[in-house]
Amino acid sequence: MAQPARPAATYSGQNGAGQQPYSNGPVQNQLMHSSDGQGYSPSASGLYSHQTPGKVPPHQSSGQYNYSGSQNASPLNNYQGPGQTLNRPPVAPFSGSPVQQTGPVPQGLLPVLQNSAAVSSSGSFPPGASPPVLSSWQYSQAPAGQPSGAHGMGTGSAQPPASLSGNTNPPGSYQYAASPGGPPLQNSYMNAGSVPPPVTQPLTPLHPPSRPPLGPPPLGGPPLTRPSALTAGPPNTQPLLNSAANQEGDATSAASDGSVVQNSYDAIEGGGLMATPHPSPGPPNLKMNRSVGYSYPTLPPGYQNTSPPGAPGIQASALQYPDGSKHFHQPAFGTNHLAASMGSLSLQQEGLRPVNLIQERNILPPTLLKAPVPNLHEEIQKLNCNPELFRCTLTNIPQTQALLNKAKLPLGLLLHPFKDLSQLPVVTSSTIVRCRSCRTYINPFVSFLDQRRWKCNLCYRVNDVPEEFMYNPVTRVYGEPHKRPEVQNATIEFMAPSEYMLRPPQPPVYLFVFDVSHNAIETGYLNTVCQTLLDNLDLLPGNTRTKIGFITFDSTIHFYSLQEGLSQPQMLVVSDIEDVFIPMPENLLVNLNENKELIQDLLRSLPQMFTKSLETQSALGPALQAAFKLMSPTGGRISVFQTQLPSVGMGALKPREEPTQKSTAKDIHLTPSTDFYKKMALDCSGQQVAVDLFLLSGQYSDLASLGCVSRYSAGSVYYYPSYHHKHNPVQVEKLQKELKRYLTRKIGFEAVMRIRCTKGLSIHTFHGNFFVRSTDLLSLPNVNPDAGYAVQMSVEESLTDMQVVSFQSALLYTSSKGERRIRVHTMCLPVVTTLSDVYVGADVQAITGLLANMAVDRSVSATLSDARDALVNAVIDSLSAYRSSVLSLQQPGLMAPYSLRLFPLYVLALLKQKAFQTGTSARLDDRIFTMCQVKNQPLVYLMLMTHPSLYRVDNLTDEGALNINDRTIPQPPILQLSVEKLSRDGAYLMDAGSVMFMWIGKNCGQNFISQVLGVPNYGSIPQNMTQLPELETAESVRTIAFISWLREQRPFFPILYIIKDESPLKASFLQNMIEDRTESALSYYEFLLHIQQQVNK
């Protein structure tokens, strides 16, 4: 992707499809294209083989391996008590002295600077500084006229033509395009047919450019930076500027002249909580009050109120600066205007309306619950980030930590940053505008003080608007920076210039590691996997550089040479598993396109090669070591298929589960029995390798230990209990469907993610699959569109004088086409000063999701019973605080604010979920897998797993149905999860996320049984029916359309079990009836009585 100076801006859809770019005059510096569309010639990929980075030693200093899952997990029922936040030392201003290395330096390829005049003599600049635009270097040039490939998985962008002719405006071009983005994965909590996030067309300018300026700009703003406390690692974390942990993957190295050479992702992505202050040019900033009249919160640029100054609705004084100067084109809103403008006062009152949970039993809404809408001015809210991508547990942010503590609710964010989007604005520009102090990307919630200056909405620094940003290629108007797409879209993707690379973007590399022991061959999984891989080989995301390789293992390790010229693949066996080496490394990972026939031969023959094997041992550890050595030079993805407990070599495990023992809350092995798999994952993470684990096992396989290899390397875990191609055929279909999605979905390589928030807020704990490589930089060797993340926050400094705060996540990654990209999401929320307002804005689903993540950590670090107690206490504490501090009239019963009316129900559902239930003989691996899902699922899927949806389906009609692509999708109401709601003469569908049950009542109408199930009567329904026949009846079409629609909205494939009264699966169906009593758990009513008793103490 190393490219010469780019045109001013190119704007395209996610996959680069769509209409031609607008023509904006000749491009002085044409975009160079290489023959494979990478921006540097394929010959550069040869550099990787000689460039094996130094392996990260397994024993690093403490503080480098802070576990991403639960660093300093704070108690659930005491969110920010004393002693739970570790203060890191204040970061001194950058002095120009080199950063000392204290860790190994993987050898990232540094760009060769051909235009060193643009930088200092060593080609360096301090971390966090705005990097100069290196306009004339590239790894190797190729003919300019060759097009770059369109991006297969919806992450690419059409490059502009090499030569544009037309008027002589500043160069630049934009195009809008929709993106397929993989399978249609619209989230369950969105309105049907809507496409998030909407790409807002800029409005016409309010004031003609000829209008004289509105007066001098303000003299300054609040102070630039402040030292902050941060909870991120163990107490003995070293000072961050001296710690190798500060560097993401690659340490910063000192050049001979004492300057710092930029070869760290921390320096590239810049800022965050580590931001180095930059002295402001011009007069010093005066300490100013951030009052309404200062410039925050203002209407986002491009959405100014059309009333003239002094008109009703805007106080004239709101347009004045404290020093008497006026505001640039952006009327600011007073507090009253901000809150009342939505007409949402009625909404606000509704959110606070007391609900007596004991009396009002039918509180479950008949449709899926939507995220609450923040109480912002509607023009600001229009621009806000889609809640499916970014949402907060509290949509009204408490002004102080004391107020947050009083509310007894957790403050945190839930993210789905790489979600498939049907519309994603993509911008190519040689200038990515960021705050010089905290490195925030410019976004819809910044303030423009005048045409030339903008104020950051996170640290309040005033920044200059770069010259290029003054021109808007969409409107072709100069002087309207506030109408650029970067300032009109809360979700946007940038094509990153060369400064955002440490080495040439890596090729897509996929390595498959197969268990071929006797046990594995017996399950028959290899047939399914090899066939699915054959069917989808051409759909693997990538380009002409895509590489692929295969390893199989039992008690020995088998490599496969796919050298060009061989008539068939050659197997190489390494039996020394104590000291694994790679035979013929150059022929084991080969170019997919050039060696496709050999690869197809291998996939066809693999399932038969081991059918007579009697080898029962499993050397998974050594196989992973071999895979790591093979992948280290490039990075990429390792997909491991395992069917049993590893038994020989490094990483061998012993059984820890007693099959007959019922789960008591104490004696469960939730922690890993060895740190081998965690260390392996950290080694992988350091070399940009992620490991995905497919566990297909009928016996205990210690997922608690094996899962670490995926958790810390940003991989995923897939689990197919009791997989067998004959005895359990439904699992075969599930594996086929999920593997197809896994192989063909878009993927990002060598990624890092940082989450920033407004000054005064701090992030202290992260949840998800990744490794925290520096204080707040998440290392994601692979990022996929099905992964979710969560963070916990605290209010570190009072948010006085702030009416809104903002949050921004930035994901820097390499697409499968070899483009370096940055996906940015920004969210804006109001600040409140009263407890009642905090409760009004509570997002009960986000709160439940965050608590579930915290409870998994508590289960592992303490005990399952501690986690369960903490969940119950979270409900008791918040409802007690509401009762004592908000309710004016004390009433009998259990009172909850309307916004939290489902909180006790959702927590009871968590207690009954496999991850946290007790008193049942749940298999240990099943429990651990559910915990993995809690930590890695986006919120929408987590909620469905926790609280399933129940529908009556024997009377579906077209009334209120959705029409999607000429299909009519019925929308039956959601029912409460209680047997009371079942009728023996009906049929009911329960959607529990990863599984579906259709229960047929004994007296179900004959019409449904024959027209939908295709059998003559109830008695003829087969015992193990898992599919509906496609019949040409209206009832059949409706039912199948509804079930297909539900399945399409998620990345995994839920098996449908059709059950009768006497079916053995009826117990599983009833286990999901959250509101009913089971042998080991309270009913919803009993749970409410227990909560009431505690609250009224």
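Quick look at the values:
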| quantity | calculated |
| --- | --- |
| Reachable aspartates and glutamates, given that their alpha-carbon falls under 19 Å from the alpha-carbon of Lys746 and they are not under 8 places away in the same chain | Asp36, Glu388, Asp420, Glu493, Asp535, Asp538, Asp692, Glu738, Asp786, Glu819, Glu1048 |
| Equivalent-ellipsoid semi-axes of the stretch 847-960, from the Cα gyration tensor, Å, largest first | 26, 24, 12 |
| Amide proton proximity set for Val689, modelled H, under 5 Å, gap of 5+ | Gly636 |
| Bins of 5 Å, starting at 0 and running to the largest distance - Cα pair percent for the stretch 411-454 | 5, 12, 18, 22, 22, 13, 8, 1 |
| Segments 796-808, 924-936 sorted - mean Cβ within 10 Å per residue, highest first | 924-936, 796-808 |
| Prolate/oblate/rounded label for the stretch 1002-1079 (Cα gyration tensor, a/c 1.5) | oblate |
| Cβ-based net charge around Ser978, under 14 Å, with every Lys or Arg adding one and every Asp or Glu removing one | +1 |
| Student exercise, the stretch 970-1073 dipole from Lys, Arg, Asp, Glu Cβ charges, in Debye to nearest 20 | 180 |
| Cα-based convex hull, the stretch 865-918, per residue volume (Å³, whole number) | 80 |
| Net charge of neighbours whose Cβ lies under 10 Å from the Cβ of Val691, counting Lys and Arg as +1 and Asp and Glu as -1 | +1 |
| Of Lys406/Lys455; Lys370/Lys1097; Lys547/Lys679; Lys547/Lys740; Lys654/Lys679, pairs whose Cα-Cα distance is over 22 Å | Lys406/Lys455; Lys370/Lys1097; Lys547/Lys679 |
| Calculated from backbone phi, Karplus (6.51, -1.76, 1.60) coupling profile of the stretch 623-630 in Hz, x at Gly/Pro | 5, 5, 4, 5, 4, 4, 4, 5 |
| Lys, Arg +1 and Asp, Glu -1 on Cβ, resulting dipole of the stretch 382-462 about Cα centre, debye, nearest 20 | 340 |
| Two-site FRET efficiency, Asn1003 against Gln699, from Cβ-Cβ distance with R₀ of 30 Å, rounded to 0.05 | 0.15 |
| Dipole axis of the stretch 915-1048 (+1 Lys, Arg; -1 Asp, Glu on Cβ), positive-most option in Asn955, Gln1023, Met945 | Met945 |
| In order through the stretch 593-599: 3J(HN,Hα) via Karplus (6.51 cos²θ - 1.76 cosθ + 1.60), integer Hz, x for Gly, Pro | 5, 6, 10, 4, 5, 4, 5 |
| Burial order of peptide ranges 379-390, 953-964 (average beta-carbon count within 10 Å, highest first) | 379-390, 953-964 |
| Estimated distance in nm for a label pair at Asn593 and Arg353, the labels positioned 7 Å out from Cα along Cα-to-Cβ | 6.1 |
| Simple Cβ-charge dipole of the stretch 581-710, Lys/Arg +1 and Asp/Glu -1, about Cα centre, in debye nearest 20 | 240 |
| Table column - 3J(HN,Hα) (Hz), the stretch 764-781, Karplus curve with 6.51, -1.76, 1.60, x for Gly and Pro | 10, 8, 10, 10, x, 9, 5, 10, 7, 8, 10, 3, 9, 9, 8, 8, 10, x |
| Full-stretch length increase - Glu1030, Ser983 - with 0.36 nm per residue and alpha-carbon distance subtracted | 14.4 nm |
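Bear in mind that the values in this text are calculations on the coordinates, not laboratory data. Source: prediction; values computed, not measured. We place every Cβ from the backbone using ideal geometry, glycine too, and count neighbours over all the protein chains shown.
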